[in-house]
Amino acid sequence: MPRRFSAPICFLSLLLSAAVPALAKQSKADSDADISQTLQAMERAWLNAEKNHDAATFDKLVADDWIAITPDGKRQTKAERAAEIIASDIDSATLGEMKVRVFGDTAVVTGSDDETTMKDGKKSTDHYVWTDVFVKRDGKWLAVASQTAQTK
């Protein structure tokens, strides 16, 4: 190869080696943003399922081996939560801000909601903060673990 082409080729190689990682980071950021949107939509569907006593929708959003820690510190299975959703006293619920952190095929969603219940003619509004862990299984995101705390 003639010497006059060596410098431009080396320069081009240097530019490409700097650009490829930057493009990969942008692609990952775009992918994480898409995943964030998907999981936030799932969280909204989950809250709507709770409000509408829709255990079937809840069933589609969580893995069969899903486990939760309730605000009172007890463990709860998917079947136990589905039964609770059907019998729920939730009158209304509003989702707060959410934050999604993606780690490959695992993601952690943190957020909050305000729920109003009506039980025995008494109205009560409570604020909750929660963490849901999602895993991508067979191309589909599913919640595998949750923890909720009630705040004052």
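The values are calculated or read from the model by the stated rules, or taken from the named source; none is laboratory data. What you are looking at is a predicted structure, and each value in this text was computed from that prediction instead of being measured. In this analysis, Cβ positions are derived from the backbone assuming ideal geometry, glycine residues included, and neighbour counts consider all displayed protein chains. Surface accessibility is based on the protein's heavy atoms, side chains included, excluding ligands, DNA and RNA. Shrake-Rupley method; radii C 1.70, N 1.55, O 1.52, S 1.80 Å.
Out of the trypsin sites (Lys or Arg not before Pro) in segment 67-106, which ones are loop residues according to DSSP with at most 11 other C-beta atoms within 10 Å? In loop regions of segment 67-106 (DSSP not H, G, I, E or B), the sparsely surrounded trypsin sites (Lys or Arg not before Pro) are LYS74. In this structure, the residue pairs whose Cα-Cα separation is over 21 Å, taken from LYS119/LYS152; LYS51/LYS140; LYS78/LYS140; LYS78/LYS122; LYS78/LYS152; LYS99/LYS122, are LYS51/LYS140; LYS78/LYS122; LYS78/LYS152; LYS99/LYS122. Note that segment 40-50 has calculated 3J(HN,Hα) couplings of 5, 5, 5, 5, 5, 5, 4, 5, 5, 4, 4 Hz, one per residue in order, obtained from phi through the Karplus relation 6.51 cos²θ - 1.76 cosθ + 1.60 (θ = phi - 60°); glycine and proline are x. The accessible surface of segment 67-152, taken with every protein chain in place and a 1.4 Å probe, is 49 percent carbon and sulfur. Cα to Cα, under 18 Å, and not fewer than 8 places away if on the same chain: which aspartates and glutamates meet these conditions relative to LYS123? Those aspartates and glutamates meeting the cut-off are GLU50, ASP89, ASP91, ASP113, ASP114, GLU115. The calculated FRET efficiency for the pair THR125 and GLN37, based on their C-beta separation and a Förster distance of 30 Å, comes to about 0.55.
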